[in-house]
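J.: Structure provided below as C-alpha cells; questions to follow.
The values are calculated or read from the model by the stated rules, or taken from the named source; none is laboratory data. Owing to the predicted nature of the structure, the values given are computational and were not obtained by experimental measurement. Quick reminder, even Gly has a Cβ in these numbers, built from the backbone with ideal geometry, and neighbours come from all protein chains shown. Remember, those area values only see protein heavy atoms, side chains included, never the ligands or the DNA or RNA. Shrake-Rupley method; radii C 1.70, N 1.55, O 1.52, S 1.80 Å.
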Amino acid sequence: MAYLIPVFIYSFGGVAVSRTIIHCDADCFFAAIEMRDNPQLHGRPIAVGGRPDRRGVISTCNYPARQFGVRSAMASAYALRLCPGLIILPHRMTHYRDASQKIMAIFHQFTDLVEPLSLDEAFLDVTDAVNDSNSARAIAEQIREQVVAQLGITVSAGIAPNKFLAKVASDWRKPDGLFEIKPEQVAEFVARLPVSCIPGVGKVTGERLAQLQVKNCGDLLRFDERELCERFGQFGSRLYHCSRGIDSRLVRVERQRKSVSVEQTFAQDMTVDEACETYLTELIARLQVRIDKLTDQYGVGKAFVKVKFADFSSTTLERANDEFSYCNFAELIREAASRHDSRVRLLGVGVRLTEQAAAPVAEVEQLGLFGG
Amino acid sequence: MKLVVSREALLKPLQLVSGVVERRQTLPVLSNVLLVLEGSRLSLTGTDLEVEIVGRVELESPGVDGEITVPARKFVDIVRSLPDDADIELVEEEGRVLLKSGRSRFTLSTLPATDFPNVEDGPSDLQFSCQQREVKRLIERTAFAMAQQDVRYYLNGMLWEVKQDQLRVVATDGHRMAMCTRAVGVNTADTIQAILPRKGVLELSRLMGDVEDLVDITLSANHVRVTSEDYTFTSKLVDGKFPDYERVLPRGGDKIVFGSRTELKQAFSRTAILSNEKYRGVRLLLEDGQLTIVANNPEQEEAEEQLTVDYSGNSLEVGFNVSYLTDVANVIDSDTIKITLSDANSSALLEEPVDDGDSLYVVMPMRL
C-alpha cells in the first residue's frame with residue numbers, strides 16, 4: 001500500500017532546477033552475491049545465467065570473466081567458448097531479492113526519493129538531504145560503506161546534477177568507485193564524453209553520428225535542436241540536451257511500467273503450432289501472475305506477442321482485444337509467425353499497460369505513522 | 001526405520017510441519033520432511049532455513065529406530081487421501097520408503113537425514129513460560145497489521161517485547177499499527193525486543209491452541225524458539241530496528257466516541273463497496289450523537305451510512321482507509337468500540353472500552 005501513489009518529486013515551469021542525484025549500482029550484483037556466499041569463487045571467472053546446453057543467457061559475470069570478453073546478455077554457450085573455464089551458476093533469485101531489499105533499505109535511510117531501476121540499481125534524489133555538514137559525496141560514501149558492511153558486496157556511485165550524468169558517473173570508476181560531477185564541471189566533462197555514453201546511441205546511431213564527424217558530445221554543440229530533430233526525429237532533442245549535460249527527467253518514486261510480458265525460449269526449434277500447444281497455456285498463466293501483481297494504477301491495454309525464428313530474427317504483433325484468451329493469443333502468434341517461413345525458437349506474450357484514470361494525486365494521500 | 005501409525009495421529013502434525021516447506025526450493029532436501037523414530041516417538045521436521053517446525057507423535061507401539069527424509073507435499077497428499085480410520089505402515093528399504101495402508105501401497109523417494117539442515121540457534125538470552133492461548137491471542141489480535149513485502153523489511157514481521165511480567169507484541173505497516181499486551185510470568189531486568197518474520201508468526205499461530213497448556217519460549221540473539229508438548233517451533237529473527245512504536249501512540253485526542261461494534265463493522269463494509277477501489281477512502285463526519293460515513297468512487301457513485309453514537313463535542317470530518325477500520329472492527333470482541341480522535345491530520349486510537357483492555361489500534365487518516 002505504501003507505494004501506490006506515483007509521486008512527482010518536483011515540478012518546474014520550463015526552468016531547470018538544480019538537483020543533486022546519486023546513481024548507485026552494485027558491481028556485478030548476482031556474481032558478487034555468489035562470490036560472497038562461496039569465497040572459493042574469488043579470482044575465478046564466474047557468471048550467473050542459464051545453462052549453455054539449454055540456450056541459456058548470461059545475466060551477470062564478474063571481472064575476471066569480463067577479461068575474456070564475457071558480457072551480460074551473451075549466450076552462455078558462446079561465453080563458454082570465449083572463456084572455457086567459466087563457471088556458470090544458476091540464478092538464486094530469492095537471495096538476490098533479499099539482498100536487494102537490504103540495499104534499498106540502506107538507500108531509504110538517506111532519502112525517500114529513491115527510484116529503483118533494477119534489483120541493484122537506483123537513482124536517489126538527495127537535494128534536500130544535502131547540507132553543510134553532509135555533502136552528497138559523504139552520503140554516497142556512507143551508502144557504499146554500509147552496503148559493504150551489511151551485505152559484503154560493493155556498490156559504485158555517481159553524483160551529478162541530473163540522472164543522465166549520475167549514471168555516467170557511477171560507471172566512471174567502476175568497480176567499487178565513486179565519481180562526482182559538480183555543476184561547474186558539467187560543461188567540461190560532457191564535452192569530452194563519447195556520444196556512445198548517451199542512452200539510445202548504439203551501433204546504428206553511432207555510425208550516423210560518426211558520418212557527421214561527431215565522436216564526443218562536444219562535437220554536437222555545433223548543431224541546434226531543430227537540425228538534430230530533422231536528422232534523428234524525436235531522439236534528436238534528447239541528443240541535443242544530453243550533449244549539453246541537460247536532463248530534466250525527475251526521480252520518480254515509482255516507475256511507470258509500459259508493458260508486462262513473459263517469454264520462453266524452447267530447448268529445440270519447433271513449428272508454431274507445436275509451440276502454441278506446448279507452451280502457450282503456461283505462458284498465459286505466467287502472464288496472468290505478473291498482471292495480478294500490478295497495482296491498481298495500471299489498466300490493461302492491447303495484447304501483443306513476440307515470435308523469434310530459428311534464424312534469430314524476430315517479429316512482434318499487437319492488437320486491441322476484449323479478452324486475453326488462449327484463442328486470441330494463438331491467433332496473434334500464428335499471424336506473426338506467418339510472416340516468416342521458418343521454425344520458431346521463442347514465444348512471448350504480453351499486454352501494454354495504460355495509466356488508469358484515477359483521482360489526481362494531490363487529492364488522496366494516506367498519511368504515514370512514522371512521518372513517511 | 002519401520003513403524004505403524006494411525007492416519008488420525010499423523011495427519012495434523014504432518015500438515016502443520018509441512019506448512020513451512022516452500023513449494024519451490026533451491027536445495028532439494030528442503031522440499032522433504034525429516035522423519036526420526038526413537039522407540040515409540042516419531043518426530044517430523046519441516047524447514048525453509050528460516051522457520052523450522054518439529055512435530056512429535058507418540059506411537060502405540062515402538063518400531064525400528066531410524067531417520068530418513070521423504071517429499072513433504074506427496075507424503076501429506078497420500079496421508080490425507082487415505083480413509084479416516086486407516087493405519088499407515090512405513091518401512092525404509094534400499095533408499096526408498098514403502099508406505100502401506102490396507103490395500104494401498106506407495107513407494108516414496110528419499111534423501112538421507114544427514115543432508116537435512118537444522119536451524120541452529122545460539123545461546124539463550126531469555127527463557128519463560130506462558131499459556132498457549134496467550135501466544136495465540138497476542139498474534140491473532142495484531143498479525144493483520146504486519147506489512148507484506150515492504151522495503152522496510154523490519155515491518156514485514158512482528159515485534160515481541162518482553163519486560164518484567166509482560167509480553168507485548170506490535171505490528172505495523174507504516175499506516176496503521178496494532179499492539180497487544182499480556183501479563184506473563186517472566187523475570188527480566190531488561191526490556192528485550194525481537195522481530196519475528198511474518199511467515200514465522202503465521203505458522204506459530206497455527207500451532208497454538210486456545211488452551212491453557214504451557215509453552216516454553218526462548219529468545220536468543222538471532223532466534224526464537226517456542227516449545228509445546230507436541231511441537232518445537234524455531235524461527236530466525238529479523239535483523240533490524242523496529243520503529244519506536246510508543247512515539248506514535250496518539251495522546252491528547254479530545255474527541256471520544258463510543259459506537260456499536262456490529263453497527264460500525266456493517267456500515268464500514270457496506271460503504272466500502274462504493275469507495276475508490278484503489279485508495280479505499282471513506283469520510284467520517286462526526287457530530288453530536290451521530291456518525292455519518294460517506295464513500296465516493298471515480299464513477300461518481302456514493303454510499304452514505306448514519307449511525308447513532310455516544311459522542312458530544314465539536315464536529316469533525318476525517319478520512320480513513322476503510323479496510324484499516326474494518327480490520328480492527330473484526331478483531332475486537334467487545335460490543336462497543338471506543339474511538340479517540342483529535343483532528344483530520346492526526347491518528348485515531350481504537351480500543352475496547354474497558355479498563356483492562358489488552359489491545360490498542362492506531363490508524364493514520366487519509367487526506368481525501
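J.: Residue A:277 to residue A:365: FRET efficiency via 1/(1 + (r/R0)^6), r the Cβ-Cβ distance, R0 51 Å, to the nearest 0.05?
T.: Once the sixth-power term is evaluated, E becomes 0.55.
J.: Classify the stretch B:64-219 as rounded, prolate or oblate from the Cα gyration tensor: take a ≥ b ≥ c as the square roots of its eigenvalues, call it rounded if a/c is under 1.5, otherwise prolate when a/b beats b/c and oblate if not.
T.: prolate
J.: How long are the semi-axes of the equivalent ellipsoid of the protein assembly as shown, defined as square roots of 5 times the Cα gyration tensor eigenvalues? Whole Å, largest first.
T.: Equivalent ellipsoid of the protein assembly as shown: 47, 39, 28 Å, largest first.
J.: Determine the alpha carbon to alpha carbon distance for each of A:293/B:199; A:174/A:203; B:255/B:278; B:136/B:265; A:102/A:203 and list only those over 25 Å.
T.: B:255/B:278; A:102/A:203
J.: If I ignore ligands, DNA and RNA and count only protein heavy atoms, how much of residue B:261 is accessible to a 1.4 Å probe, in Å² to the nearest 10?
T.: The value for residue B:261 is about 50 Å².
J.: Could you tell me which of rounded, prolate or oblate describes the stretch A:29-93, using a ≥ b ≥ c as the square roots of the eigenvalues of the alpha-carbon gyration tensor, with rounded for a/c under 1.5 and, failing that, prolate when a/b is larger than b/c and oblate otherwise?
T.: oblate
J.: Right, something else. Quick check: the distance between the Cα centres of the stretch A:50-123 and the stretch B:33-51, to the nearest angstrom?
T.: 37 Å
J.: Can you send over the carbon and sulfur percentage of the accessible area for chain B, probe radius 1.4 Å, protein chains only?
T.: Ligands and nucleic acids excluded, carbon and sulfur reach 42 percent.
J.: If you plug each phi of the stretch B:175-185 into the Karplus form 6.51 cos²θ - 1.76 cosθ + 1.60 with θ = phi - 60°, what whole-Hz ³J(HN,Hα) values come out, in order, with x for Gly and Pro?
T.: Listing the rounded values in order: 10, 9, 9, 10, 9, 9, 10, 10, 7, 9, x Hz.
J.: Taking θ = phi - 60°, what integer Hz values does the Karplus form 6.51 cos²θ - 1.76 cosθ + 1.60 yield along the stretch B:232-238, in sequence order, with x for Gly and Pro?
T.: Along the stretch B:232-238, the couplings run 10, 10, 10, 9, 5, 9, 7 Hz.
J.: Kindly state, to the nearest 0.05, the FRET efficiency for residue A:249 paired with residue B:270, given R0 = 45 Å and r defined as their beta-carbon distance.
T.: With a Förster radius of 45 Å, E is 0.50.
J.: Still on this structure, I have one more. Expected output is a single nm value to one decimal: the length gained when fully extending between residue B:312 and residue B:61, i.e. 0.36 nm times separation in residues minus the C-alpha distance. What is it? Walk me through the numbers on the way to the answer.
T.: Working: separation 251, 0.36 × 251 = 90.36 nm, distance 6.92 nm.
Between residue B:312 and residue B:61, full extension yields an extra 83.4 nm.
J.: Given the -39500 (n - 2.57) contribution per DSSP H run of 4+ residues, what per-residue ellipticity at 222 nm results for the protein assembly as shown, rounded to the nearest 500 deg cm²/dmol?
T.: -7500 deg cm²/dmol
J.: What nm distance separates the two modelled labels at residue B:100 and residue A:310, each placed 7 Å from Cα along Cα→Cβ?
T.: 5.5 nm
J.: Another question about this same structure. Taking all protein chains together and a probe of 1.4 Å, list B:142, B:107 from the most accessible to the least accessible.
T.: Output order, biggest surface exposure first: B:107, B:142.
J.: Please calculate the 1.4 Å probe accessible area of residue B:310, with all protein chains present, and give it to the nearest 10 Å².
T.: 100 Å²
J.: Put A:68, B:320 in order of accessible area, largest first, 1.4 Å probe: what do you get?
T.: Correct descending sequence by accessible area is A:68, B:320.
J.: Taking the Cβ of residue A:174 as the centre, find all other residues whose Cβ is under 10 Å away and add up their charges (Lys, Arg: +1; Asp, Glu: -1).
T.: Net charge in that neighbourhood comes out at -3.
J.: Using the Karplus equation 6.51 cos²θ - 1.76 cosθ + 1.60 (θ = phi - 60°), what ³J(HN,Hα) coupling, rounded to whole Hz, does each residue of the stretch A:45-62 give in order, writing x for Gly and Pro?
T.: Result, rounded to whole Hz: x, 10, 8, 10, x, x, 6, x, 7, 10, 6, x, 10, 6, 8, 8, 9, 8.
J.: Cα centroid distance between the stretch A:254-320 and the stretch B:283-346, in Å?
T.: Distance between centres, Cα-based: 45 Å.
J.: Longest segment of chain B with no GluC sites (Glu not before Pro) in a DSSP loop having at most 15 other Cβ atoms within 10 Å? Display every interim value, and only then the final one.
T.: On the way: sites that count: B:60, B:94, B:120, B:212, B:229, B:277, B:299, B:301.
The answer is B:121-211.
J.: Could you calculate the contour length gain from residue B:77 to residue B:27, that is, 0.36 nm times the residue separation minus the distance between their Cα atoms, to one decimal place in nm?
T.: Taking residue B:77 through residue B:27 to full extension adds about 15.9 nm, to one decimal.
J.: With a cap of 16 neighbouring Cβ atoms within 10 Å, and only residues DSSP puts in a loop, list the trypsin sites (Lys or Arg not before Pro) found in the stretch A:163-202. Show your work: numbers first, answer last.
T.: On the way: sites: A:163, A:167, A:173, A:192; in loops: A:173, A:192.
Here the trypsin sites (Lys or Arg not before Pro) that fit, given the DSSP loop and packing criteria, are A:173, A:192.
J.: Which value, in square angstrom to the nearest 100, describes the accessible area buried between chains A and B on both sides, using a 1.4 angstrom probe?
T.: 2500 Å²
J.: Here is a follow-up. Going from most exposed to least, what order do B:355, A:120, B:115 have by accessible area with a 1.4 Å probe?
T.: The residues order as B:355, B:115, A:120, largest area first.
J.: What is the set of long-range amide H partners of residue B:125 at a cut-off below 5 Å, with H atoms built 1.01 Å from backbone N?
T.: B:219, B:220, B:221
J.: Where both partners of a DSSP beta bridge lie in the protein assembly as shown, what percent of those bridges are antiparallel, to the nearest 5?
T.: Close to 95 percent.
J.: Send over a whole-number figure in Å² for the accessible area per residue of the stretch B:93-160, probe 1.4 Å.
T.: Numbers: 3530 Å² over 68 residues.
With the other protein chains kept in place, the stretch B:93-160 gives 52 Å² per residue.
J.: What does the average come to when, for each residue of peptide B:361-367, you count the partner chain Cβ atoms lying within 10 Å of its Cβ? Intermediate results must be reported in sequence, preceding the final value.
T.: Working: counts 0, 1, 2, 6, 3, 4, 6.
That average works out to 3.
J.: Which whole-angstrom value gives the distance between the alpha carbon centres of the stretch B:181-215 and the stretch A:156-189?
T.: Taking the Cα centre of each part, the stretch B:181-215 and the stretch A:156-189 sit 50 Å apart.
J.: Under the 0.36 nm per residue contour assumption, what length would be gained going from the current alpha-carbon distance of residue A:118 and residue A:54 to full extension?
T.: Working it through step by step, the gained length comes to 20.5 nm.
J.: Further question on the same structure: Just to be sure I understand the model, the point goes 7 Å from the Cα along the line to the Cβ. What's the resulting residue B:247 to residue A:237 distance in nm?
T.: 4.4 nm
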